[in-house]
Amino acid sequence: MTIKSILPASLLLLGAGTLLAQDDPPTDYAKFEGSAEYVKFALNNLWILISAALVFLMHLGFASLESGLCQSKNTVNILFKNCFIIAMGVLTYYLVGFNTHYPAEWQMDGFLGLGGPAGAEAGSADFTSEYNPGYTYWSDFIFQAMFAATAATIVSGAVAERVKLGSFLIFATLLVAFAYPIAGSWHWGTGFLSRLGDGDAAFYDFAGSTVVHAFGGFAALACVLILGPRAGKYTKEGLKPILPSNLPLATIGAFLLFLGWFGFNGGSVLSADAQGVSTVFVTTALAACAGALASIATAWIVLKKPDLSMALNGFLAGLVGITAGADAISPSMSLVAGGVAGVLVVFSIMFFDKIKVDDPVGAISVHGVCGIWGTLAVAFLSDAATLSSQLIGIVSVCAFAFVFSFALFFILKLIMGVRVDADEESEGLDVAEHGAPAYNK
Amino acid sequence: MTIKSILPASLLLLGAGTLLAQDDPPTDYAKFEGSAEYVKFALNNLWILISAALVFLMHLGFASLESGLCQSKNTVNILFKNCFIIAMGVLTYYLVGFNTHYPAEWQMDGFLGLGGPAGAEAGSADFTSEYNPGYTYWSDFIFQAMFAATAATIVSGAVAERVKLGSFLIFATLLVAFAYPIAGSWHWGTGFLSRLGDGDAAFYDFAGSTVVHAFGGFAALACVLILGPRAGKYTKEGLKPILPSNLPLATIGAFLLFLGWFGFNGGSVLSADAQGVSTVFVTTALAACAGALASIATAWIVLKKPDLSMALNGFLAGLVGITAGADAISPSMSLVAGGVAGVLVVFSIMFFDKIKVDDPVGAISVHGVCGIWGTLAVAFLSDAATLSSQLIGIVSVCAFAFVFSFALFFILKLIMGVRVDADEESEGLDVAEHGAPAYNK
Amino acid sequence: MTIKSILPASLLLLGAGTLLAQDDPPTDYAKFEGSAEYVKFALNNLWILISAALVFLMHLGFASLESGLCQSKNTVNILFKNCFIIAMGVLTYYLVGFNTHYPAEWQMDGFLGLGGPAGAEAGSADFTSEYNPGYTYWSDFIFQAMFAATAATIVSGAVAERVKLGSFLIFATLLVAFAYPIAGSWHWGTGFLSRLGDGDAAFYDFAGSTVVHAFGGFAALACVLILGPRAGKYTKEGLKPILPSNLPLATIGAFLLFLGWFGFNGGSVLSADAQGVSTVFVTTALAACAGALASIATAWIVLKKPDLSMALNGFLAGLVGITAGADAISPSMSLVAGGVAGVLVVFSIMFFDKIKVDDPVGAISVHGVCGIWGTLAVAFLSDAATLSSQLIGIVSVCAFAFVFSFALFFILKLIMGVRVDADEESEGLDVAEHGAPAYNK
């Protein structure tokens, strides 16, 4: 149960602007150094930091997965995008994202509250966050910052192998700096999704099946629709698969994502509470494993072969599928959440290929489709949320991600183009844009 | 010092069935949230969870090491097996393994106690494990679940490049679901190995040199004997080495295994006790480093070259060699435990090649031979165990692993075959069984 | 704020030899198991151990980065060197380094205090370190041991692709066993750098921009000057770039280094203090990200392309640039520390190529040049140190590293040669020295 999802209502009761929570906890923990209370604070704080490090590692996971699943001629391009995204993501989150994600002040009540740099507002020097007294302000910042770049990374996978570098970097920056924290603020920042039914029927999305993953998946869908498929994939003779260049690399990526998810979900407990974190670890792992087995079985039946890529996507599908309810769904039900996601992802990938929406790494299916499933699963498999509140959350966030991305990417298309020319695509972006291939003697 | 290894005797004294330990610790730690006792509980719990994550990472280590040391034409097959094993391993451990590993009730006193799903038994909703009140039930489960798949992974390496996929998946599932937890219960689940000499001369195997590693090594040996060597390795003109396909990948694997071992051994302290965990970190690291230097030196002298594969196996040999006594052997003696393992592994690999037992990654030597050495080392290098109890443990567990695996794999051979046909082996399993190679342009 | 940097002055006041600190803290924490004080001790201790594991992972980072940036024909050689270095580094640190780094007794007051094996001195069985009562003796040892091999690893990158294996191994061993801990003792072991201005104007180098990174960078420079550039790089027609063999591998390396730095800097807080560790995480991450963006921008402007290698070096430059002041420089100023390092590293790499100092991975620039910058940045961007004390520290340590390395490597050149012959270099060290290539079918 996240403190963030409870606090909004209480804060509203206290009245906007009078953030009394700030005064309740001891603000100078130095006084408490020898006390159990201080040690508990330090323990919670350390777990948030370790979780931040684990979520950071997910960015290596994404970079490895994406470059492993794509062609070797576009590998440098993919790695470069991923380096840029994490660097840019952390910096923009510092400059504008954090205080937009958790707005101190709403310009449009519950819908928009743009903020300035982290640490610049009044009280920034205080020890703890106003909305979470359980760890330090800067722990909160760094944990959330590591999440922020994820949205852009998801898009990166879907548009790989034909997107124009400059256009993508601008798109990714604006998505991460503004769109992601705005959508997130609706849920985590005391915005309208956290207030549904006066907070009694709040949208429930523990670690972000919707506000992180489906957000990224629908942003990706918008871009892919504008961008079109890679040359040579959908031919008159039917689908011509483009083979992954490096499956060990993709496997490293999927395992690192699985590992990092222990921080993504485990850290979202927002404390080192023993029962909370251990339950989340178990539901997360069980869902991932059920997802992989379900994907393996489904692909074996439908595609008639033991498919490694589907196994990898099955892990990720299960993980995305449990993310919204990792703290609310029981271990046995987490098998259902993960297993269904594992089946879904295979059919979803086939479906998007059928309608010629080309997504080289399956990001729309893994993050978009399974993100929606995971959010609904909270209503189906636990009593933490109602179906209607979940649907309102899903529709609001996905529609916003899609519309924002479509509009922005369309404008970029008009101004500077979003797709490399046919020669570059055929030659590969590595030599064409970066001047050197990824693999040499 | 593991609580698990002490508890059996005490439990016996208390009389079977009256698990008074359950009543002693506070079961609802929510009451203690502000107390030092609660914070200690949460700290111990967090360390077990972080250790679980580290042991999870070892599966990526195994996957990388194995695919790096084998030929590129079988890489997808290896990665697929490893994905399956971790997913299946966690799920079967949930369904049957956990409660077989730590049986609530023995069907055959001290020898067999099959159990049902985790969390389904009475008291499962309780906060802590009955046999270990230091962390939550689910932390205990997930830490042990990450260990369980290891046995099958070890076999995977030894049978690589010619095993039939379906047969291996069935074998691995039954090994992990039943054989591993049964053998483990003898030692960790209050079974007969923990009761030797009425518990005064109990078998000592801290984190599992025998019950995890040698178990896997002897299961592997049985399978390899049935399977036979890879085509073209042992020719009339003598041994023809089959070169590893990707040594950076193998190196990543070995380093990740080394890293994960800090959780494997460190988490086996079963608490965050400062003296316990720090000593285990030091003995683990010193043994690994001594193992690598000893392997490097031995190989340089015997094989006349600085051999990278042997260096990697040297790290692992040292790690397996200290696993049984990481908490009982002193830092200076850990150099001996690791160093001897590092020498042993080189000669063992040469020996198995001499008798034409083909083990592509050296799993039998690293895990089987060095697992035995590590278990004996506890008697030689510390006073935590007697030689006779160690021998009884080694023989029981290794014989069981060997016989179970031989019988099961032999039956599978009769029913469905265990080896791919010669064409498939020559073409490579990736294209033949999975429809696509691991590396493409 | 490191305890190490405060303690020297206090110790001096107490008089050399009377280490009263040893008596103040409770030495047998077993007594305190239920107390907040004990739990705090265990928490601090656990964080040091986790940090040690993270710093260990940096060695995989270095191995991956170096082998990814060099040619495939020298990959086995690079991986072998890195395996040797970590194994040898931990062992020599155990045998001589630890007690030289933190000398119990100075042979030459403040300048040289050679010590024997860890754990062998009087009081070694004591629970805590005499100079840091916040965690156990062995936690202290293992954390510092993981640092020690870094210096040699940095050199490894600079001399790659043409150094003679045996000579390098001897050089690395002596550097790590003696030179590194001696230089370190000046700062961290209560030596003369910690006593500047009677301790009031002590040299400030939080986690080692100078005593680890610049030390390694200047050792590398000395070796490269003796060794000369790789054949075929600087031709009459100008610089002929030697392309990196595996950029995904190099990217894995850089990300693992970034991850490990959370332990390198975060663990250097020497406790799990909430405010301390969270601030260090934030300054570390912000500097790394600013470094990457600055390098990307600089390289794009100067080299006219989006350069992946420069992006990777930008992360590392930013990390090295914040290491000296990660606890003293504010989050906003950490952007400056990292950003300047990111610009510097690009020009530095170009400069060394201009003067034909061939450094295949840019180690001299990343660790040497940015290490100096990071150390100066403490004086420029915080009030923790004066420019003069920083300059004294930089000059002492870099000069010592350079002179020691130059002398030793020169002697090795005379005795046994330090460079492989032209045929070997052309064929590649893997086949010539190790008998097999890194990549095979």
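Some points to look at:
- Directionally averaged shadow of region A:139-208, computed from the convex hull of its alpha-carbon atoms, nm²: 5.5 nm²
- Label sites at B:GLU427 and B:ASP200, each approximated as a point 7 angstrom past Cα along Cα to Cβ, lie 6.6 nm apart.
- Average beta carbon contacts from partner chains per residue of A:44-55, 10 Å cutoff: 6
- Inter-label distance, nm, simple model (7 Å from Cα along the C-beta direction), B:VAL403/C:ALA104: 5.3 nm
- J(HN,Hα) series, region B:391-399, from Karplus relation 6.51 cos²θ - 1.76 cosθ + 1.60, nearest Hz, glycine and proline x: 5, 4, x, 4, 5, 4, 5, 5, 5
- About the Cα centre, charge dipole magnitude for chain B (Lys/Arg +1, Asp/Glu -1 at Cβ), debye: 1500 debye
- Near C:ALA231: Cβ cut-off under 12 Å, other residues only, Lys/Arg at +1 and Asp/Glu at -1. The net charge is -2.
- Shown for A:PHE380: label points 7 Å from Cα along the beta-carbon vector, and their distances to the equivalent points in the other copies, 5.7, 5.7 nm in ascending order.
- 23 Å Cα-Cα reach of C:LYS236 towards lysines, excluding residues that sit fewer than 8 places from it in its own chain: C:LYS354, C:LYS356
- Listing C:SER295, B:SER396 from fewest to most neighbouring C-beta atoms within 10 Å gives B:SER396, C:SER295.
- Dipole size of region C:138-211 about its Cα centre, with +1 on Lys/Arg Cβ and -1 on Asp/Glu Cβ: approximately 360 debye, rounded to the nearest 20.
- Chain A: angle of helix A:247-266 to the longest principal axis, Cα-based, in degrees nearest 10: 20 degrees
- Annotation: the residues C:ASP358, B:ASP205, C:ASP200, sorted from fewest to most other C-beta atoms within 10 Å of their own C-beta, follow the order C:ASP200, C:ASP358, B:ASP205.
- For the B-to-C rotation axis, chain B residue with nearest beta carbon and its distance in angstrom: B:ALA36, 2
- Sites A:ILE301 and B:VAL395, calculated FRET efficiency, Cβ-Cβ separation with R0 51 Å, nearest 0.05: 0.70
- Taken residue by residue and averaged, Cβ atoms of other chains lying within 10 Å of the Cβ of B:110-119 number 1.
- Total charge dipole magnitude, the protein assembly as shown, about the Cα centre, Cβ charges on Lys, Arg, Asp, Glu only, Debye to nearest 20: 4140 debye
- Residue pairs, from the table B:LYS305/C:LYS164; A:LYS240/A:LYS305; B:LYS233/B:LYS441; A:LYS81/A:LYS240, whose Cα atoms sit over 21 Å apart: B:LYS233/B:LYS441; A:LYS81/A:LYS240
- Residue (of A:TYR204, A:GLY238, A:LEU112) at the positive-pole extreme of chain A, dipole from beta-carbon charges: A:GLY238
- Shielding score for A:134-143, defined as the mean number of other chain Cβ atoms within 10 Å: 5
- Cα gyration tensor shape of the protein assembly as shown, rounded if a/c is under 1.5, else prolate or oblate by comparing a/b with b/c: rounded
- Whole-number percent relative contact order across chain A, with pairs defined as alpha carbons under 8 Å at least 6 apart: 24 percent
- Region A:310-441: C-alpha gyration tensor shape, a/c 1.5 cut-off, then a/b vs b/c: prolate
- Sorted from shortest to longest, the distances between the A:ASP200 label points of this copy and the other copies are 6.8, 6.8 nm, with each point 7 Å from Cα along the line through the beta carbon.
- Tilt relative to chain A, helix A:331-354 - C-alpha long axis, 0 to 90 degrees, to 10: 40 degrees
- The value of relative contact order for region B:283-441, using C-alpha pairs under 8 Å at least six residues apart, is 21 percent.
- Applying D = kT/(6 pi eta Rh) to chain B, where Rh is the Kirkwood radius over alpha-carbon pairs, T corresponds to 20 °C and eta to 1.002 mPa s, the Stokes-Einstein value obtained is 98 µm²/s.
- Counting only lysines at least 8 places from B:LYS40 when in the same chain, those with an alpha carbon closer than 23 Å to its own are A:LYS31, A:LYS40, B:LYS4, B:LYS31, C:LYS31, C:LYS40.
- Share of Cα-Cα pairs in region C:168-233 lying beyond 16 Å, as whole percent: 56 percent
- Report summary: the helix-based calculation at 222 nm, which adds -39500 (n - 2.57) for every DSSP H run with n ≥ 4 and divides by the residues of chain C, gives -19500 deg cm²/dmol.
- In this assembly of identical copies, the label point of A:GLY238 (Cα plus 7 Å along Cα-to-Cβ) is separated from its counterparts by 5.3, 5.3 nm, sorted shortest first.
- Summary of the geometry: region C:79-112 and region B:402-441, compared by the centres of their Cα atoms, lie 49 Å apart.
- Order by protection proxy (mean Cβ within 10 Å, highest first), peptides A:367-375, A:263-271, A:170-178, A:239-247: A:367-375, A:263-271, A:170-178, A:239-247
- For region B:178-253 and region B:367-381, distance of Cα centres in Å: 13 Å
- Positive-end residue, region A:351-441 charge dipole about Cα centroid, Cβ charges, pick of A:HIS434, A:ILE372, A:ILE415: A:ILE372
- Comparing region B:263-328 with the 2.2 N^0.38 Å rule of thumb, its C-alpha radius of gyration ratio is 1.28 (two decimals).
- In sequence order, region B:204-218 has phi-based couplings of 10, 8, 2, 10, x, 4, 8, 6, 10, 6, 5, 3, x, x, 7 Hz under the Karplus curve 6.51 cos²θ - 1.76 cosθ + 1.60, θ = phi - 60°, and Gly or Pro positions carry x.
- Three-way shape label, region C:234-281, alpha-carbon gyration tensor, a/c 1.5: prolate
- Axis of helix A:3-14 versus longest Cα principal axis of chain A: the two differ by about 50°, to the nearest ten degrees.
- Per-pair calculated FRET efficiency, R0 = 30 Å: A:ASP383 and A:PHE410 via Cβ, rounded to 0.05: 0.10
A short reminder: the numbers here are calculations on the coordinates, not readings from a lab. For clarity, every value in this text was computed on a predicted model and none was experimentally measured. Backbone-built Cβ (ideal geometry, glycine too); neighbour counts: all protein chains shown.
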